[in-house]
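Novice: Quick one: the structure is below, and I'll ask about it shortly.
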Amino acid sequence: MLNVTDLRSGYGRIPILAGINLDVKDGEFVGILGHNGMGKSTLLRTLMGYLPVTGGDITFDGKSLKGLSPTARARMGIGYVPQGREIFSSLSVYENLRMGCLMAKQAEKPTIDSILADFPRLERLLERPGGALSGGEQQLLALARCLCGGPKFILLDEPTEGIQPSIIEEMIETLQKLGRERSLTILLVEQNLNFITSLSERVLILQKGLIIREVPPHVAKDRAMMEEFVGMV
Ligand SMILES: Nc1ncnc2c1ncn2[C@@H]1O[C@H](COP(=O)(O)OP(=O)(O)OP(=O)(O)O)[C@@H](O)[C@H]1O
């Protein structure tokens, strides 16, 4: 589905991604683990087209994404939930979901009804302004809004940041269910070991703009092994 070869990108003349190689197959959940500042968000922004590729290539379903706008990539079926959620805080939960449908030209009511069936917590908050939700509820809304666009592949940037543990568990269950029911493929970047290992079939370690190794989830789950092998925890 996604194939990334020797990908380079950065901000102006500052290089951040230094040659990323990565494959994500149809239906896979792949996690990328890395400390602050290692380039996780930069990778997702580059895959979505918000940052220019300065070297290498990205192909999605066999087509190169180079030079395509974020909107064109969204139309190809790539969804993006950025770090910090970026929901519309003055619009209600329902209006936020409508925006997700509008941007993707999806039929509104059936799409929202079907998404809400997987997000019972949001169903109780439909009239509330997005800005009046808790951090975890906003994260669920950002994910639900992204799903309104009908993506087949989702880029998820640190969904657990600043979120209480009970909602993290709910998010894990929701994503597992969505993966099964909607045959989604997910590339997730995170610092939360429990979240990433609960969801990912493979965990890749990103350090200084490079994927330095792949670890199976059972190794990533083991804090002592992670400390010893990767210097991560
Ligand atoms: N707009 C920007 N202009 C210049 N440098 C930036 C910009 N955004 C990020 N950087 C730098 O790029 C590097 C990688 O940042 P990035 O946000 O990709 O890291 P990250 O792994 O996602 O970290 P975090 O978990 O803190 O979000 C950092 O050194 C950061 O300071």
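The values are calculated or read from the model by the stated rules, or taken from the named source; none is laboratory data. Just so it is clear, the structure is predicted and the values come from calculations on it, not from any experiment. Because the Cβ atoms are built from the backbone with ideal geometry, glycine has one as well, and the counts that use them run over all protein chains shown. Protein only, heavy atoms only, side chains kept; ligands, DNA and RNA dropped before computing areas. Shrake-Rupley method; radii C 1.70, N 1.55, O 1.52, S 1.80 Å.
Novice: Looking at the structure I just gave you, is MET226 away from the ligand (no atom under 16 Å from the Cβ), part of a helix (DSSP H, G or I) and either charged (D, E, K, R) or modelled with pLDDT of 90 or more (or both)? Quick ask: steps written out before the conclusion?
Specialist: Values: away from the ligand (no atom under 16 Å from the Cβ): yes; part of a helix (DSSP H, G or I): yes; either charged (D, E, K, R) or modelled with pLDDT of 90 or more (or both): no.
No; evaluated as a whole, the condition is false for this residue.
Novice: May I pose another question? Suppose we filter segment 1-34 for residues that are near the ligand (Cβ under 9 Å from one of its atoms) and over 19 Å from PRO82 (Cβ atoms); how many remain?
Specialist: The number of residues fulfilling the criteria is 2.
Novice: While we're here: Please determine, by comparing only the residues of segment 134-143 that are over 25 Å from LEU65 (Cα atoms), away from the ligand (no atom under 16 Å from the Cβ) and touching a residue at least 40 places away in the same chain (Cβ under 8 Å), which one is least open to solvent (accessible area, probe 1.4 Å). Even if it seems obvious, please write down each step before you answer.
Specialist: At the first step, the residues of segment 134-143 found to be over 25 Å from LEU65 (Cα atoms) are 134-141.
The next check asks that each one be away from the ligand (no atom under 16 Å from the Cβ); those that pass are 134, 136-138, 140-141.
Next, only the ones that are touching a residue at least 40 places away in the same chain (Cβ under 8 Å) stay: 138, 141.
On the way: GLN138: 35, LEU141: 0 Å².
Within segment 134-143, the match that is least open to solvent (accessible area, probe 1.4 Å) is LEU141.
Novice: What is the one condition in (1) within 16 Å of the ligand (Cβ to nearest atom); (2) surrounded by fewer than 17 Cβ atoms within 10 Å (Cβ to Cβ); (3) free of Cβ contacts under 8 Å to residues at least 60 places away in the same chain that LYS208 does not satisfy?
Specialist: (3)
Novice: Quick one: in segment 111-133, of everything that is without any contact (Cβ under 8 Å) to a residue 12 or more places away in the chain and not aliphatic (A, V, I, L, M), which residue is surrounded by the most Cβ atoms within 10 Å (Cβ to Cβ)?
Specialist: GLU123
Novice: I'd like to verify a number: residues in segment 36-63 that are outside any loop (DSSP other than H, G, I, E, B), within 16 Å of the ligand (Cβ to nearest atom), open to solvent by 70 Å² or more (accessible area, probe 1.4 Å) and free of Cβ contacts under 8 Å to residues at least 40 places away in the same chain, how many?
Specialist: Number of matching residues: 1.
Novice: Evaluate segment 73-86: report whether one residue or more is within 16 Å of the ligand (Cβ to nearest atom) and touching a Leu at 6+ places or on another chain (Cβ under 7 Å).
Specialist: yes
Novice: Then there's this: Determine whether GLY27 is in a loop (DSSP other than H, G, I, E, B) and more than 19 Å from the chain's Cα centre (by Cα). Step through it out loud before you land on a result.
Specialist: Details: in a loop (DSSP other than H, G, I, E, B): yes; more than 19 Å from the chain's Cα centre (by Cα): no.
It is false that GLY27 is in a loop (DSSP other than H, G, I, E, B) and more than 19 Å from the chain's Cα centre (by Cα).
Novice: Scan segment 184-200 and give yes if some residue there is in a loop (DSSP other than H, G, I, E, B) and over 14 Å from the mean Cα position of the chain (by Cα), otherwise no. If you could, list the steps in order and put the result at the bottom.
Specialist: First pass over segment 184-200, keeping only residues in a loop (DSSP other than H, G, I, E, B): 184, 191-192, 200.
Add one more test, that the residue is over 14 Å from the mean Cα position of the chain (by Cα), and what stays is none.
Within segment 184-200, none of the residues are in a loop (DSSP other than H, G, I, E, B) and over 14 Å from the mean Cα position of the chain (by Cα).
Novice: For segment 67-110, which positions are open to solvent by 50 Å² or more (accessible area, probe 1.4 Å), part of a helix (DSSP H, G or I) and modelled with pLDDT under 90?
Specialist: The answer is LEU102, MET103, GLU108.
Novice: Collect the residues in segment 144-164 that are within 16 Å of the ligand (Cβ to nearest atom), in contact (Cβ under 8 Å) with a residue 60 or more places away in the chain and open to solvent by less than 20 Å² (accessible area, probe 1.4 Å), keeping them in residue-number order. Working first, answer last.
Specialist: Narrowing segment 144-164 to residues within 16 Å of the ligand (Cβ to nearest atom): 155-163.
Subset that is in contact (Cβ under 8 Å) with a residue 60 or more places away in the chain: 155-159, 161.
Hits for segment 144-164 are LEU155, LEU156, ASP157, GLU158, PRO159.
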